[in-house]
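The next block holds one structure in the form of structure tokens; read it before the comments.
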Amino acid sequence: MPYHHGNLRESLIDAAVEIAATAGPDAVALREVARHVGVSHNPAYRHFADREELMRAVAARAMTVFGRLMAERIASAATGRSKAAAYERLAACGRAYVEFATTQPGLFRTACSFALGSIEPDEDVVHPYAQLLERLDELVTTKRTLDLAQLLSEDSTFYGDLFAHVVQWRDTMYLEDGLHRAVRAALAQRPVLHARVLVLAD
């Protein structure tokens, strides 16, 4: 897409987002992005000091797409203050996470390629992690005494660091990369690990 006039910075981000979406974040290079836009690399470096600065802008764009999708899925879920409605909103949040990861793997990897909290979506979009916390806050019950049988019961609303966060969708278990490493570390110390599994319907 040759660049003729207007905002070169936004054109560079658009091109980088397109490359990340189709080939993943590792395929994004500032010189290649400039070539896609139709300019030499020198003007591109006037807008982005290096590849990391460009990738942060691309990750913010990907996080915006992610946040909007999650908000749409939550908005279409059940309303009201009941526990069942709150669970449905949490399930919608989880489905949006899996949907974005499976349908937009390049943008998903890009959005998650920086430390949590270091990349923010557009101002009109709530960060996906904040949306998840809002859903969990609707369900969380604080416990002073950890009774494992009670915490694992069907009507328990305890979600916390005691458990790995696991999502099951279409007979496949999903673990976030960082939590996966934590699970491996825990398994090194014990033969059994308890996990709260959120089962998502199609």
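Within segment 99-121, which residues are part of a helix (DSSP H, G or I) and either surrounded by 14 or more Cβ atoms within 10 Å (Cβ to Cβ) or touching a residue at least 40 places away in the same chain (Cβ under 8 Å) (or both)? Of everything in segment 99-121, those that are part of a helix (DSSP H, G or I) and either surrounded by 14 or more Cβ atoms within 10 Å (Cβ to Cβ) or touching a residue at least 40 places away in the same chain (Cβ under 8 Å) (or both) turn out to be GLU99, PHE100, ALA101, PRO105, GLY106, LEU107, PHE108, ARG109, THR110, ALA111. Taking (1) at pLDDT 95 or above; (2) farther than 22 Å from SER11 by Cβ in turn, ALA91 satisfies each apart from (1). Taking the listed residues ARG51, ARG81, ARG61, ARG46, the one that is closer than 30 Å to LEU139 by Cβ and charged (D, E, K, R) is ARG81, with no other qualifying. Check segment 139-150 and report whether any residue there is surrounded by 15 or more Cβ atoms within 10 Å (Cβ to Cβ), assigned to a loop (DSSP other than H, G, I, E, B), among the charged types (D, E, K, R) and at pLDDT below 85. Scanning segment 139-150 turns up no residue that is surrounded by 15 or more Cβ atoms within 10 Å (Cβ to Cβ), assigned to a loop (DSSP other than H, G, I, E, B), among the charged types (D, E, K, R) and at pLDDT below 85.
Could we say that SER76 is hydroxyl-bearing (Ser, Thr, Tyr), over 25 Å from TYR129 (Cβ atoms) and either surrounded by fewer than 16 Cβ atoms within 10 Å (Cβ to Cβ) or touching a residue at least 60 places away in the same chain (Cβ under 8 Å) (or both) here? Explain how you work it out, then say what you get.
Values: hydroxyl-bearing (Ser, Thr, Tyr): yes; over 25 Å from TYR129 (Cβ atoms): no; either surrounded by fewer than 16 Cβ atoms within 10 Å (Cβ to Cβ) or touching a residue at least 60 places away in the same chain (Cβ under 8 Å) (or both): yes.
Against the criterion (hydroxyl-bearing (Ser, Thr, Tyr), over 25 Å from TYR129 (Cβ atoms) and either surrounded by fewer than 16 Cβ atoms within 10 Å (Cβ to Cβ) or touching a residue at least 60 places away in the same chain (Cβ under 8 Å) (or both)), SER76 does not qualify.
Scoring ALA16 on the criteria (1) closer than 11 Å to THR110 by Cα; (2) surrounded by 15 or more Cβ atoms within 10 Å (Cβ to Cβ); (3) touching a residue at least 60 places away in the same chain (Cβ under 8 Å) leaves a single failure, condition (3).
Filtering MET55, MET70 for residues that are in contact with a Pro (Cβ under 6 Å, 6 or more places away or on another chain) and of a type outside the set (Asp, Glu) leaves a single hit, MET70.
The values are calculated or read from the model by the stated rules, or taken from the named source; none is laboratory data. As the structure is a computational prediction, the values presented were derived from the model and not from experiment. Heads up, the Cβs are rebuilt from the backbone with ideal geometry, glycines too, and the neighbour counts pull from every protein chain shown.
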